[in-house]
Every structure is written in C-alpha cells, then in structure tokens.
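Undergrad: Below is a structure I'd like to ask you about.
The values are calculated or read from the model by the stated rules, or taken from the named source; none is laboratory data. It should be emphasised that the depicted structure is a prediction, and the values quoted were computed from it without experimental measurement. Positions of Cβ are backbone-derived with ideal geometry, glycine not excepted, and every protein chain shown enters the neighbour counts.
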Amino acid sequence: MIILSWNCRGLGNRHAVELVRKKAPTILFLMETKLTDRQMKPIKTKLGFYGLLAVSCNDRRGGLALLWKEEVTVDTQTYSPNHIDVIVHTQTSPTWRLTGIYGHSVEERKIETWRLMRHLHARASLPWVCLGDFNELLASDEKNGGNRRPMAPMIEFRNTFLHYGLVDMGFSGYRFTWRNGRLGATFVEERLDRVVATTDWCEIFPRAKVSHLSVSYSDHDPIMLDMTPPTQPRRQ
C-alpha cells in the first residue's frame, strides 16, 4: 500500500494530476487544495478514487482532502481545517489509525497544532501514523538559508512527538521538502513535511519507507509512504 501526502497549493497544474496517477496511491492526503468539498468530487472521479473526505477551503485559502481506493475501508473520526483523522481497515493487516496534519504556519498559532495532537492522542489507542505538512522543524539542520530557527519551538515540536510515542520515520531523497522560490541570499529551504508513527504501527509495517518526491512545479515536494517496499536483493 502507498500513501501520498502533498501540500499541493491548488490542483490546477496538470503535472500534479499526472504525478498522482503515476504513483497510484491507495490513500492520498492533500493540503491547500483551494477547493470546496463540491469541487473536489470531480477530482476524485478523475483520479480514480472510491472515497473522499474534503474540508472546504476558506476564501480560496486552505482546503484538505483525503481520498482512498476501494481496497481499504476508511472510518472518519474527526476533521478540521488543519487535520483529517480516520481509522483504516484492510484485509491484510490489523486496524490502524491515520491522521493527516496541516500545521499552522503563523508562529503564534503553532501551539494550536500541538494541542490538536494532544486531543487526537487521547481519542484512541490504535497503532497510529501521522503525516503531512507540520510547518515546523525538529532540528536546525532541517533548514538551509535565512535566519537560524530558534531552539524553543523545535524543542516543543520534538517533545510533542516524544510525549505521544511518535517516531520520525526518516526518508530517502532530497533532504528538504519546501522552498521559498527566491534566488541568491534570500533563498530558503526546509524539511516541513514528514511521516511519524507509533512503535506498534511500525511493528505492523516493519518495511515501511518514506520517500521525498522532488518536483519542479510546486514549492512543496510530495512525500510517499510505501508500506510494502520490495525486499532489497542480497549482495553477492
């Protein structure tokens, strides 16, 4: 099974549609769709998905969507402009929980993201995986260019994961997932998008791998969670 997460900043670019079709995810989490729930319905059909949960944009800002194929059953739990939380049932694994997170970008509101995660953690004890654009860094080396990130918010972010038993799953590919599109001394890139999971989720999917998919037509790169990657061939 593949899950794709992307802060797509709108779905008007044909390359975005082509990428989703090529990767053929079973579950797709989109942020910044800039579409209403009604406008997302033909997108669901166009991309060949069976189910859709969409949170409408507000005045062409924001907008979330979770889409899934018929091979999984998705039970909606809660949602808001900053998250979609569901329980996933498949025929090949125990039941587990998936939360798509779109963290607040404004500094003064980032604490609301950590409060949201505390609320979500209290709701269920299933194996849990969270993914999306958290709009925060875990360490200073997750940023290139611009002013140095203060330690306090990064420590708060790190402690949130630690407190709820969530482990960063790492990645393959280019280190940073977002860039500001500027040139020279004003250029900044950061690792804002990631996948984190509890130990019991990782035990269900021990070979799960995360990849950063570099694209040239978006300021955010998609992140792909492959829960059944092929076994690496043995070296002779």
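Undergrad: Going through region 1-38 one residue at a time, which ones are charged (D, E, K, R) and either part of a loop (DSSP other than H, G, I, E, B) or more than 24 Å from residue 89 (Cβ to Cβ) (or both)?
TA: To start, the set of residues in region 1-38 that are charged (D, E, K, R) comprises 9, 14, 18, 21-23, 32, 34, 37-38.
9, 14, 18, 21, 22, 32, 34, 38, listed by residue number.
Undergrad: Any residue at all in region 18-31 that's under 19 Å from the mean Cα position of the chain (by Cα) and of a type in the set (S, T, N, Q)?
TA: yes
Undergrad: Something else now. Closer than 25 Å to residue 227 by Cβ and acidic (Asp, Glu): does that describe residue 168? Explain how you work it out, then say what you get.
TA: Working: closer than 25 Å to residue 227 by Cβ: yes; acidic (Asp, Glu): yes.
Yes; evaluated as a whole, the condition is true for this residue.
Undergrad: While we're here: Any residue at all in region 66-83 that's buried (at least 21 other Cβ atoms within 10 Å of the Cβ) and hydroxyl-bearing (Ser, Thr, Tyr)?
TA: no
Undergrad: Inside region 143-160, can you point out the residues that are surrounded by 18 or more Cβ atoms within 10 Å (Cβ to Cβ) and touching a strand residue (DSSP E or B) at 6+ places or on another chain (Cβ under 6 Å)?
TA: Step one: filter region 143-160 for residues surrounded by 18 or more Cβ atoms within 10 Å (Cβ to Cβ), giving 143, 157, 160.
Across region 143-160, the qualifying residue is only 143.
Undergrad: Another one. Tally up the residues in region 84-98 that are modelled with pLDDT under 95 and crowded, with 20+ Cβ neighbours inside 10 Å, please.
TA: 0
Undergrad: Tally time: how many residues in region 171-216 are over 17 Å from residue 228 (Cβ atoms), polar (S, T, N, Q) and in contact with a strand residue (DSSP E or B) (Cβ under 8 Å, 6 or more places away or on another chain)?
TA: Looking only at that region, the number is 4.
Undergrad: Right, something else. What strands (runs of 3 or more DSSP E), lying completely within region 55-94, carry at least 1 residues that are within 26 Å of residue 112 (Cβ to Cβ) and in contact (Cβ under 8 Å) with a residue 60 or more places away in the chain?
TA: Values: elements: 64-68, 73-80, 83-89.
Passing ranges, in order: 83-89.
Undergrad: Another one. Looking only at residues that are among the polar types (S, T, N, Q) and modelled with pLDDT of 90 or more in region 1-47, which one is nearest to residue 228 (Cα to Cα)? Lay out the reasoning, then the answer.
TA: Restricting attention to region 1-47, the residues satisfying the condition of being among the polar types (S, T, N, Q) are 5, 7, 13, 26, 33, 36, 39, 45.
Now narrow it down to the ones that are modelled with pLDDT of 90 or more: 5, 7, 26, 33, 36, 39, 45.
Values: 5: 17, 7: 24, 26: 12, 33: 28, 36: 33, 39: 32, 45: 26 Å.
Here the residue is 26.
Undergrad: Sticking with this structure for a sec: Can you confirm whether region 32-47 contains a residue that is under 22 Å from residue 157 (Cβ atoms) and among the hydrophobic types (A, V, I, L, M, F, W, C)? Reasoning before the result, please.
TA: At the first step, the residues of region 32-47 found to be under 22 Å from residue 157 (Cβ atoms) are 32.
Narrowing further to those that are among the hydrophobic types (A, V, I, L, M, F, W, C): none.
Checked region 32-47: no residue is under 22 Å from residue 157 (Cβ atoms) and among the hydrophobic types (A, V, I, L, M, F, W, C).
Undergrad: Let me ask something else about it. Which is exposed (fewer than 15 other Cβ atoms within 10 Å of the Cβ) and among the acidic types (Asp, Glu), of 108, 136? Working first, answer last.
TA: Values: 136 fails: exposed (fewer than 15 other Cβ atoms within 10 Å of the Cβ).
So the residue among 108, 136 that is exposed (fewer than 15 other Cβ atoms within 10 Å of the Cβ) and among the acidic types (Asp, Glu) is 108.
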